[in-house]
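Everything on this sheet refers to the single structure shown next.
The values are calculated or read from the model by the stated rules, or taken from the named source; none is laboratory data. Bear in mind that the values here come from a model prediction, so they are computed numbers and not experimental data. Every residue, glycine among them, receives a Cβ derived from its backbone with ideal geometry; neighbour counts consider all protein chains shown.
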Amino acid sequence: MGRRLVVIGADAAGMTAASTARRRDRDLEVVAYERTGWASYAACGEPYYIAGYIPELDRLVARTPEQFARAGIELRLRHEVVAIDPDARTVTVLDLEGDRTFEDRYDELLVATGARAFVPPIPGVELEGVHTLRTLDDAEALRRLADGPTGNVVIVGGGYIGLEVAEAFHVKGWSLAIVEAAPALLPRTLDPALGLQVAERVEAMGIPVHLGAMVEELRGAHGRVVEVVAGELTLPADVVVLGIGSRPVVELAEAAGIPLGPTGAIAVDDHQRTGVAHVWSAGDCAEVRHRVTGRPVNYHLGTVANKTGRVAGINLTGGDFAFPGVLGSAITKLHELEIASTGLRVSDAVEAGLDAVEATIEGSTMSHYMPGAAEVTIRLTAERGSGRLLGGQIVGGPGSGKRIDVVATAVWAGMTAEELSWVDLAYAPPFSPVWDPVAIAARKTAQAAGR
């Protein structure tokens, strides 16, 4: 028998690792087990499918089982791994359609079980009309609703998923409300002042935003949701979408004795090795190291899943590549409003024991005389004294968001704010003022840092 790789979970991390490993070792047997009916799909595109921007669900599938088979990878959909025996190097698999259980052996095992949408323990979450968005089946269900007769939809959670789903239903003509327990939108990625700015912009689009409102109950009639109750606030609801984050799926690993880390995700080293021999982990279920703080974090981002999957595939076939870390760079939009962040806010930096400062500027995405010029707010974080950049946040109109990549590059490279202020950025009036707002923000941040 040849060496055998078993992959648990056939989405971004799992199938990237499988493909990488197979390319590096053509004699390697590779089988991937996936409990759902989908594999290797673009979950980040789901809100845009719901909105109708993407006409067919199949367009979100990156590679089909037939394509994987031609690459020498056996993909078994609707098969759930229910147990791992690290001593025997076997997994127990439940065939969900054939209703049978069998064992499979492995030489190397990759746990890429991903994450699941968080459903709060409140009355009414089981009612018809209450949805989460994680899988393609979730997206298909919400698309059918969005395309049907319009009504009232309540989005619980003002993070990225909440805003993206809000746009999807808004363009379909639904009446919307966003309910967020925190005092500002995007509380995990933006400072409150910028989160409030986003809330004001969203409300200007005709979408009510209720901040500081903790949902306590979903009320129903005849088995369907009809109202959302948050303190003294009661909102009519034909559809409720819970967009309040996700949690790593780690029960299988934990039951097998695979150690978890402080974040609650699977602990791995920089080669994606777990604490159990011949067992690796990557993607949303695994920890990664934050490049600035050095601490373990658990980010549910497609970029991180693909990269850690590639690292696992290299190393489990004898390679030696260390994953260099993450910054948590992310971007989203609601209509023409763009929002992005990378690295640390001041509050994050202080919690990590860093002495940090911040500076904020208001600028324009283009030269002021150009039609289409939009306002942009940029806030940068730097270490006091040294001026080392630690992170950034951007809120603005079209052309704002992807400027975060310049900030992310500078933070990644350990540049100071002063160094970034002098970087030779491209200029032409349709793209930027002669002094790009990123450069202006960097200069102001350098001054705040004492440089």
* Would you please name the residue that is surrounded by the fewest Cβ atoms within 10 Å (Cβ to Cβ), looking only at residues in the range 351-376 that are under 20 Å from Thr409 (Cβ atoms) and of a type in the set (Val, Ile, Thr)? => Ile361
* To do: Could you grab me the full set of residues in the range 27-56 that are under 12 Å from Glu74 (Cα atoms) and in a strand (DSSP E or B)?
  => Glu29, Val30, Val31, Ala32, Tyr33, Glu34
* Asked: From the set of residues in the range 29-58 that are under 25 Å from the mean Cα position of the chain (by Cα), surrounded by fewer than 24 Cβ atoms within 10 Å (Cβ to Cβ) and of a type in the set (Val, Ile, Thr), which is modelled with the lowest pLDDT?
  -> Thr36
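Conditions (1) touching an Asp or Glu at 6+ places or on another chain (Cβ under 8 Å); (2) crowded, with 17+ Cβ neighbours inside 10 Å, marked per residue:
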residue: Arg78; (1), (2): yes, no
residue: Ala139; (1), (2): yes, yes
residue: Val153; (1), (2): yes, yes
residue: Gly173; (1), (2): no, no
* Kindly provide the set of residues from the range 65-98 that are without any contact (Cβ under 8 Å) to a residue 12 or more places away in the chain, within 24 Å of Arg26 (Cβ to Cβ) and either touching a Pro at 6+ places or on another chain (Cβ under 6 Å) or not in a helix (DSSP H, G or I) (or both), ordered by number. => none
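Looking at the structure I just gave you, is Asp58 without any contact (Cβ under 8 Å) to a residue 60 or more places away in the chain, among the acidic types (Asp, Glu) and over 27 Å from Asp25 (Cβ atoms)?
Numbers: without any contact (Cβ under 8 Å) to a residue 60 or more places away in the chain: yes; among the acidic types (Asp, Glu): yes; over 27 Å from Asp25 (Cβ atoms): yes.
Against the criterion (without any contact (Cβ under 8 Å) to a residue 60 or more places away in the chain, among the acidic types (Asp, Glu) and over 27 Å from Asp25 (Cβ atoms)), Asp58 qualifies.
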* To do: Please determine, by comparing only the residues of the range 229-244 that are under 26 Å from the mean Cα position of the chain (by Cα) and not in a loop (DSSP other than H, G, I, E, B), which one is surrounded by the most Cβ atoms within 10 Å (Cβ to Cβ).
  => Val241
* Scope the range 400-451; condition among the β-branched types (Val, Ile, Thr) and either surrounded by 19 or more Cβ atoms within 10 Å (Cβ to Cβ) or in a helix (DSSP H, G or I) (or both); matching residues -> Ile404, Val406, Val407, Thr409, Val411, Thr416, Val438, Ile440, Thr445
* **Residue check, Arg26 surrounded by fewer than 20 Cβ atoms within 10 Å (Cβ to Cβ) and outside the structural domain of Val153 (by TED's automatic domain parsing)** => yes
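So is Ala312 in contact (Cβ under 8 Å) with a residue 24 or more places away in the chain, outside any loop (DSSP other than H, G, I, E, B) and touching a Leu at 6+ places or on another chain (Cβ under 9 Å) or not?
Values: in contact (Cβ under 8 Å) with a residue 24 or more places away in the chain: yes; outside any loop (DSSP other than H, G, I, E, B): yes; touching a Leu at 6+ places or on another chain (Cβ under 9 Å): yes.
Yes: the conditions hold for Ala312.
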* Starting from residues that are among the polar types (S, T, N, Q) and not in a strand (DSSP E or B), keep the ones in the range 245-292 and report whichever is farthest from Glu164 (Cα to Cα). => Thr274
